[in-house]
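Here the structure comes first, spelled out in structure tokens, and everything after it is commentary.
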Amino acid sequence: MKTSMSSFDIFAIVKELQILKGARINKIYQITPAELRIQLRIRDAGRGDLVIEVGKRIHLTQYPKPGPVKPSNFAMTLRKYIGNGIIKEIRQVNFDRLVELQISGKDREDFTLIAELFGDGNAVLTHKKKILAVMKPKRYKDRELVVKGEYEYPPQRINPFDITQADLEKVFKDSNMDLVRTLAMKLGLGGQYAEELCLMSGYSKNKVAITIPEIKVIYDNITRLKKSLSTGPPVIIYEDKNGEKRPVDLTPIRLMIHKGKESEEFESFSMAADRYFTTHEIEKVDEVQEERYKEKLGKFEARLKVQEETFRKYQKMDAESRRIGDLIYEHFETVSSILTAVTNAKKNHSWGEIIGRIEEKKKELCMEGRGESNEVCAIKKILPKEGVIVVNLSGTDVRLDIRKSPTENADFYYSKSKKARGKINGVLDSIEKTREYIEEIEKKGKEIAELEEKKPKKRVARKKKWFEIFRWFRSSDGFLVLGGRDATTNEILVKKYMEKDDVFVHADIHGAPAVVIKATKATEATNAVKAVKAAGEHGRDVPQRTIDEAFDFAASYSRAWRHNIAALNVYWVNPEQVSKTTEHGEYVAKGAFIIRGKKNIGTGKVEVAVGVTEDGQVVGGPPSAIEANSICSVRIVPGHKKSREIAAGIKHQLLERSGAEYREMIMEINLEDIQMVLPAGRSEII
């Protein structure tokens, strides 16, 4: 079963990943100690996720795992230097299991992210060969992977797709191995593709003496193997194991060695790799869940066993203590006589003398069958250090405290019985709860571990609407309100999408989004309402409530959020008042505009609600609007928590506040989707 990509697999995947040239890095997550997920915005393709599991694989994934709430130091360093960077090049180094991503990052400097996919694997970020970050710092015999060190490539191998026939002849001349081992080790093709070349060429893999004509045939088939990547198809190979169809191999092309085996074709090798490795991850999660299920079940079964033993112990203690108390009263005179005699004797004699005299009396009266009813025959032994005398009452040995009266000794045992009965009730409650836990665990089976170990789930791409490149919300009156995300989208929104009947809104602070209310009446409305006229001047069918919500929207997504400002002035104007045309001596930065004429000023409250619509879409904006158009929502204000932590908190609150029918849908929401609707800066949930 294939557990990692070979050099040929990486050669094929890198060829496909050329589509990533020009892609912008959105976020970087270290999912596990060995796995990175890079969230990308790919030209003409939208969002994509590149997974790099060092020592194993690299490909695009449709099963993105959620990132941790707290990013690792390695991920933070990557974000610092290449976050929001552009991928300029992606290449395989020679024919090694080593991939480089050339990235234009911080200050437009060039950085290299190196993924080592051999051995235990590693990921390294360099700038002009200097190591800035390393996933797993290591020192090898011939090189070191440590921060501030210089990156050195591992010993390089021959690239079979770049050699000439003369080079290949020299390889075989210098090799003392058979055909398949020479191809696998000297050319770095690995065992699988070396065997495939033997089959393609029609030669035994154990052949040793290779002639020049045979080398030419092999050379031609190496070329054929390379060209076959253009036609594919990529496949996953399946085998039957214990009655189940299990994926056992993954190749970018069909191979002769797999002839007759069940297979599945894919449009791309990346899709095939994604399915293959994700399937194995799901199987691993199943195994982990099975182990955790058994572990959890075993834990409660062991607890139940201890509780039942404790129950039996207290039952026995209750019965025995009550019986001894009864025996003391049944033999009250005997017990009283013994205790009095021993107490009086102690006044004038040592314990040794007392015990000696008792033993003499017992020999005289008890051993010869005389005086069995005499009190001395009931005495079994005296324990001076404990102040205890053991007597036999109706065949039961009873410990009596010499310092106490018969009544006090009996009360001691009754009290002990009462305590045992009290504990029995508590133990029975615990046993009942434990049995309920066991029943629940057995009923849920492996699902009981799902909260701890999640299976990767395929992300279903939703077709985005034209306005989703902006910040947006639907007002309580059903109007679409749009806001720029940055200077570029501010320009696009105003120049391309603002129409003459719309309303332009802006917060009176530097660093605020351009906001446009699309005043196209019911065409953009989700709820049919009779609109009132804004300010009564130009006949715009925009209700005051919508304008107020747009004011809050403009204020909340401005720089006011970072500065923890509770409210600020916001204004609205007509589109014809918004201009990029400057007067002499004026300068207008990208994303900014000149407003001419009267501004209609109001106040915007800095507070946002994040909600989920019935179709699972995450929306953010003024609370009154979001709460009117969502199945559930959470309010936030400026605070001290980072966006990832807040996103996790919001998701938790949404799950708690939603109905049972929506919880599975909310569970599928990625934290990044929530982060996308948060204002820039830190927040608090209220």
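The values are calculated or read from the model by the stated rules, or taken from the named source; none is laboratory data. Since the structure is predicted, the reported quantities are computational estimates derived from the model, not experimental observations. As a convention, Cβ positions derive from the backbone with ideal geometry for all residues, glycine included, and neighbour counts pool all protein chains shown. These area figures cover heavy atoms from the full protein model, side chains too; ligands, DNA and RNA do not enter into them. Shrake-Rupley method; radii C 1.70, N 1.55, O 1.52, S 1.80 Å.
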Name the residue farthest towards the positive end of the dipole of the range 612-686 from the options Y662, Q617, P638, assuming +1 on Cβ of Lys and Arg, -1 on Cβ of Asp and Glu, about the Cα centre. P638
Where the centre of each part is set by its Cα atoms, how far does the range 211-266 sit from the range 116-132, in angstrom? 31 Å
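Given DSSP loops and a limit of at most 12 other Cβ atoms within 10 Å, what is the longest stretch of the chain that contains no such chymotrypsin sites (Phe, Trp or Tyr not before Pro)?
The longest such stretch corresponds to 141-586.
Hand me the trypsin sites (Lys or Arg not before Pro) from the range 189-284 located in a DSSP loop with no more than 12 other Cβ atoms within 10 Å, in residue order please.
Values: sites: K205, K207, K216, R224, K226, K227, K241, K245, R254, K259, K261, R275, K284; in loops: K205, K207, R254, K259, K261.
When the trypsin sites (Lys or Arg not before Pro) of the range 189-284 are filtered for loop state and at most 12 Cβ neighbours within 10 Å, K259 remain.
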Result for the chain: accessible area per residue, probe 1.4 angstrom, in square angstrom, of 52 Å²
Rounded to the nearest 10, the angle in degrees between the Cα long axis of helix 544-556 and the longest principal axis of the Cα atoms of the chain comes to 80 degrees
Suppose we keep just the alpha-carbon trace of the chain; what are its Rg and Dmax in angstrom? 40.5, 135
Specify whether the C-alpha gyration tensor of the range 91-180 places it in the rounded, prolate or oblate class, a ≥ b ≥ c being the square roots of the eigenvalues: rounded for a/c under 1.5, otherwise prolate if a/b is larger than b/c and oblate if not. prolate
Which of M200, M667, M185, M256 is most accessible, then next, and so on - probe 1.4 Å: M185, M256, M667, M200
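Which of rounded, prolate or oblate describes the range 38-126 when judged by the alpha-carbon gyration tensor and an a/c cut-off of 1.5?
Working: a/c = 1.22, a/b = 1.11, b/c = 1.10.
Rounded shape, in that the Cα axes give a/c under 1.5.
For the cross-link pairs K226/K463; K241/K296; K130/K173, which exceed 31 Å when the distance is taken from alpha carbon to alpha carbon?
Too far apart for the 31 Å limit: K226/K463; K130/K173.
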For the chain, build the charge dipole from Cβ charges (+1 Lys, Arg; -1 Asp, Glu) around the Cα centre, then report which of A512, N122, M676 sits farthest towards its positive end. A512
Once the whole set of protein chains is in place, how much accessible area is left on D548, using a 1.4 Å probe, in Å² to the nearest 10? 70 Å²
Can you send over the carbon and sulfur percentage of the accessible area for the chain, probe radius 1.4 Å, protein chains only? 49 percent
Hits among lysines - C-alpha to C-alpha of K346 under 24 Å, sequence gap 8 or more where chains match: K361, K362, K363, K380, K381, K385, K404
Residue-averaged 222 nm ellipticity for the chain, from DSSP H runs of 4+ at -39500 (n - 2.57), nearest 500: -12000 deg cm²/dmol
State to the nearest 20 debye the size of the charge dipole of the range 568-683 about its Cα centre, where the only charges are +1 on K and R beta carbons and -1 on D and E beta carbons. 620 debye
Take the alpha-carbon centre of the range 144-188, take the same for the range 585-626, and report the distance between them in whole Å. 59 Å
Would you mind getting me the FRET efficiency between N569 and V147? Use the beta-carbon distance for r and R0 = 35 Å, nearest 0.05. 0.15
Would you mind checking the tilt of helix 351-365 against the longest principal axis of the Cα atoms of the chain, expressed as 0 to 90 degrees and rounded to 10? 60 degrees
In degrees between 0 and 90, to the nearest 10, how far off the longest principal axis of the chain does helix 406-444 point, with axes built from Cα atoms? 30 degrees
With 21 Å as the limit, write out which pairs from K65/K138; K56/K136; K464/K518; K27/K641; K495/K580 have Cα-Cα distances beyond it, or answer none. K65/K138
